[in-house]
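Below: one structure, written as C-alpha cells.
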Amino acid sequence: NGVAAMLGKKAQTGSKTAAKAERLASVTSEISNPASLAKNGVFWFYIALNPLRQLIVQPHQALRMFAYDPQSALKAWSTNVGQYMKVAINPTGSHSKADMDFFKFIENSGQLSAVDKHNLVRGALVDAAESSNVVVRGVSKTMNVPRKLGFDAGERMNMLVHLGTVYEAYKKAGKNLQDLSVAEKAYAEARALSYNMNFA
C-alpha cells in the first residue's frame, strides 16, 4: 500500500509507467501482505492440503494424555470416542445414559465447534475471507475442502480424546460432572492440556 501511494504521486505527474506500477502494487496488496503470504502459504501447502497427514498428526497429539492418566486415556480412546460418534451419527436413536452424558459433556464444552478458531487456521481463513480479490476468495473455498477432511477432523478427534480423558479422570475421582462449576474446570483443564491452541 505504501509503494502504491508513492507510485500514485509519481503517476499524477503524467508518468504512464508509474500508473501501471501503482495498479500492480495495489492488486498485490489485495492478495496478501508478504508476512501473511509466507505464513498462510506454509499452512495451506504443508497442513491444509495434506489431509491424510493431518488425520494422523492431529489425533496423535492426544497420545500425550497417557502421561496425564493412562487408565483414563485408554478409556477415552477405546470407549468415549465411540460413545460420542454413536450419538452424533444417530441423535434421535436410543442411547444409554452413559452415552448421552458424555455426548452432552462434549457438546456443552463448545470445543469441537471451536476448531476453525485454531490459531493455525484462523490467520489463513481470515486473510482469505476478508480479501477483496475474487480469485483469492474462490481459491480459499476450494482449498478449505481438504483442510476440513484432514486438519479439522483430526483436531476434533484430538480434542475429543483430551476431553474424554479428563472426563474419565474426574469420574474416577468421584467428581460430579453434572455440576456446572466442575464441568467448567474440566473443560479448562482439557483446553490447557491441549496447549490452548484456539484463538481465545
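Each value in this text was obtained by applying a stated rule to the coordinates, not by laboratory testing. Only a predicted model underlies this, so the values are computations on that prediction, with no experimental measurement involved. Note that each Cβ is placed from the backbone with ideal geometry, even for glycine, and that neighbours are counted across all protein chains shown.
Report ³J(HN,Hα) in whole Hz for each residue of the range 182-192, in order, from the Karplus equation J = 6.51 cos²θ - 1.76 cosθ + 1.60 where θ = phi - 60°; Gly and Pro get x.
Taking θ as phi minus 60°, the curve returns 5, 4, 5, 5, 5, 4, 5, 5, 4, 5, 5 Hz for the range 182-192.
List, in order, the whole-Hz ³J(HN,Hα) value for each residue of the range 157-169 obtained from phi through the Karplus relation with A = 6.51, B = -1.76, C = 1.60 and θ = phi - 60°; use x for Gly and Pro.
Per-residue couplings from phi come out as 5, 4, 5, 4, 6, 4, 5, x, 5, 5, 4, 5, 5 Hz.
Working out 0.36 nm times the residue gap between Ala38 and Lys185, then minus their Cα-Cα distance, what length gain in nm do you get to one decimal?
Between Ala38 and Lys185, full extension yields an extra 49.2 nm.
Please report, in cubic angstrom per residue, the volume enclosed by the convex hull of the alpha-carbon atoms of the range 1-110.
In the range 1-110, the Cα hull volume divided by residue count equals 189 Å³.
Within 10 Å, count the other beta carbons around each residue, average over each peptide in 93-100, 169-176, 189-196, 72-79, and list them highest first.
Ranked from most to least packed, the peptides come out as 72-79, 189-196, 169-176, 93-100.
So, R0 is 35 Å and r is the distance between the beta-carbons of Glu107 and Leu52; what FRET efficiency does that work out to, to 0.05?
0.80
When the dipole is taken about the Cα centre of the range 1-103, and only Lys, Arg (+1) and Asp, Glu (-1) are charged at their Cβ, what size is it in debye, to the nearest 20?
Dipole of the range 1-103, to the nearest 20 debye: 560 debye.
What lysines sit close enough to Lys9 to cross-link, taking a C-alpha to C-alpha distance under 22 Å and skipping anything fewer than 8 places away on the same chain?
Counting by Cα, and skipping residues close in sequence, Lys9 has these lysines nearby: Lys20.
For Thr79 and Asn176, what does the FRET efficiency come to when R0 = 22 Å and r is the distance between their Cβ atoms, rounded to the nearest 0.05?
That pair, Thr79 with Asn176, gives E of 0.65.
Taking a 23 Å limit on the Cα-Cα distance, which of the listed pairs Lys148/Lys175; Lys104/Lys171; Lys86/Lys185; Lys75/Lys175 fall beyond it?
Cα-Cα > 23 Å for Lys148/Lys175; Lys86/Lys185; rest within.
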